[in-house]
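Taking it in order: structure first as structure tokens, then the write-up.
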């Protein structure tokens, strides 16, 4: 069995959960849809497979203390701090340096910190298979989610559903990626759903560290060169300074665009374990338990003639009268009242606050 | 010219402005529709006619310190504290004791503390005429408001619009009351509006103190007997104790029901000065200035695709997305989201809190 390391990407400064998410308390550090914060649940979910010593978390300076506090079992040296956000490719490359130092043949499981999976047993089954395929094949593996609706908010992965003889894992339910597709419009999403060939891009990756670092060297050579400079000083006092200099030179690029779409052979495992990226308040409503009136209520509230609404009262008291299909989110200093289906526009609120430099609510 | 005293009734513990109004901060002590609290504006409105020494305020124990603080020009001895609320008749009788001690022939102007008048000049003109008629005639005078819509939330006054020879003030625009009508249903309210004979009962009264005390003696003799016991000890140490004993015996009754409806001759002056009793959040919306989208916003807020809504942000930040016809009221510890037109149901929220004994939000 290979050494397995998990890399949890936790640097996001999501604005889609305003007013709960703020610069200092992004989504992954909040209790959004379950007991425990999203990152705590992410760690809990995999810690039955991977011991805490092998779990790395990549975050930023502002969030580091909260991450460390929320994850007391993760060793301090496993929490990696990026000086600035540069999207997922540099984040994964940086984590790769720490993994290959410990074991150049290790398998690296890259996971977002802010997703949920309802069926955790099935999730771990898929992940175990992916680890096995990644170790044996030396290829890049991703998990594609069985779509349940024509979602326009996700990227898609088109898979090869026939056995073309080039895929030794086909009988194990592992497909090869045909192409990666950007977020589609509704018509295209409907086609994707109908075709049966498309899966949602989950942002989960499994690979040997030598495989991904090799692909980064091949496809993102400038980035790789900067990463090598950082690798030279991993234990040095100059680490932070060298890292910052490197990151200033590294361009912002996603692993999907920078590597996955250009890689030669990518395998995809079909995930059907109640996955959600919990990308918006609308999605929180979708995955939440509801009462008979279709309301999902957290905190102290009195709902009169109210239906199909999401109410988060924080530590306040919320009363609603004769409303429906609303999202009502209350925090210490701010209140959001948003029509259900429009929660992507919460970004507009955050943009407004940025534009007006009203930083106290950011 | 007679001595004129104003009696401002400020004991109400309104629940219709929850979450802003609470037991300790009822409507009259809040800035609801204008700069300044409602009671401050009530005093300001009449202090151009009546000096502060002649303005009495009747309130309760809990509110007294706030009343005194909000009205620094009113002498402390002019703030009368009722031990318990017993509706308007005992309140007026009690104030009458204080007025007639100063001048038994004085005219007493009784005003609610929580109404607004847009045209204050006209209000004072009507009040001056009422004072003159009250002094000269010795009759009870009330102000009826020219109705502008078939309101079902107010009582009405039917007036005699013809000169029947019994009304010496007819040529001055003073009518005699034919009857008082309870809050009507919509069909009746429409009839009232159409007839032209009906005015809204404003709860403002003007009379000589000897006239009203005489009518209380005649129509509410038991109450009057208790009031006499209180009158005996107005300056005594035992005042508070005697007052409380009296109030425990006095039954709760409104001046309308106890006196006005049974009094022999009541004059009514027509008020057309932009009056509102500001009885609900819906009424606040009605009388508020609105922007082009029909929104009335107080405080820090960002409204996206929002129209015809009332937003009060308190000291929080409120964002709304794709909503209309909403009332959103935010205080330190509570939030109300209510469909416009349903703000009378705020009482249901308060009832719920009482039933569940969640007193912190009451």
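Given in Å, the Rg to one decimal and the Dmax to the nearest whole number for the Cα atoms of chain A are 21.1, 64.
At a Förster radius of 35 Å, what calculated FRET efficiency corresponds to the Cβ-Cβ distance of residue B:162 and residue B:68, to the nearest 0.05? E(calc), rounded to 0.05, equals 0.15.
Between residue A:101 and residue A:24, the simple label model (points 7 Å from Cα in the Cβ direction) yields a spacing of 3.0 nm. The angle between the Cα long axis of helix B:221-231 and the main principal axis of chain B comes to about 90°, on a 0 to 90 degree scale. Take each residue of peptide B:294-306, count the partner chain Cβ atoms within 10 Å of its Cβ, and average: the result is 3.
Each copy carries a label point for residue B:233 at 7 Å from Cα toward Cβ; from one copy, the others' points are 8.7 nm away, ordered from shortest. DSSP beta bridges confined to region B:281-361 are antiparallel in about 30 percent of cases. Beta bridges from DSSP with both residues in chain B: antiparallel share about 45 percent, rounded to the nearest 5. Projected over all directions and averaged, the alpha-carbon convex hull of the protein assembly as shown occupies 39.6 nm². The antiparallel fraction among DSSP beta bridges confined to the protein assembly as shown stands at about 40%. Sorted shortest first, the separations between the residue A:49 label point and its copies elsewhere in the assembly read 8.1 nm; each point sits 7 Å from Cα along the Cα-to-Cβ line. Compute the angle between helix B:88-102 and the longest alpha-carbon principal axis of chain B, please, reported from 0 to 90 degrees and rounded to the nearest 10. Here the helix axis deviates by roughly 50 degrees. Comparing B:213, B:38, B:49 in a Gaussian network model of chain B (Cα springs below 10 Å), the most mobile by mean-square fluctuation is B:49. Think of it as helices only: each DSSP H run of n ≥ 4 in chain B is worth -39500 (n - 2.57), and spread over all residues that comes to -9000 deg cm²/dmol at 222 nm. Diffusion of region A:1-51 by Stokes-Einstein, at 20 °C in a medium of 1.002 mPa s and with Rh set to the Kirkwood radius over alpha-carbon pairs, works out to 177 µm²/s. Dimensions of region B:281-361 based on its C-alpha atoms, expressed as ranges along the principal axes with the largest first, amount to 42, 24, 21 Å.
Once the Kirkwood radius over Cα pairs is known for region A:89-215, the Stokes-Einstein relation at 20 °C and 1.002 mPa s delivers a diffusion coefficient of 136 µm²/s. What FRET efficiency do you get for residue B:293 and residue A:235 if R0 is 41 Å and r is their Cβ-Cβ distance, rounded to the nearest 0.05? With a Förster radius of 41 Å, E is 0.10. If every alpha-carbon in region B:171-220 counts as one equal scatterer, what log10 I(q)/I(0) does Debye give at q = 0.16, 0.22, 0.28 1/Å? So the normalised log intensities are -0.68, -0.97, -1.16. A point 7 Å from Cα along Cα→Cβ stands in for residue A:121, and the other copies hold the same point at 8.3 nm, listed in rising order. When peptides A:310-317, A:215-222 are ranked by their average number of other Cβ atoms within 10 Å per residue, the highest-first order is A:310-317, A:215-222.
Relative to its Kirkwood radius, the Cα radius of gyration of region B:34-161 gives an Rg/Rh of 0.95. For the peptide B:336-343, the mean number of other protein chain Cβ atoms found within 10 angstrom of a residue's Cβ is 6.
None of the figures in this text is laboratory data; all of them are computed from the coordinates on show. Note that this is a predicted model, so its numbers are computed, not measured. Using ideal geometry, Cβ is built from the backbone for each residue, glycine included, and neighbour counts are taken over all protein chains shown.
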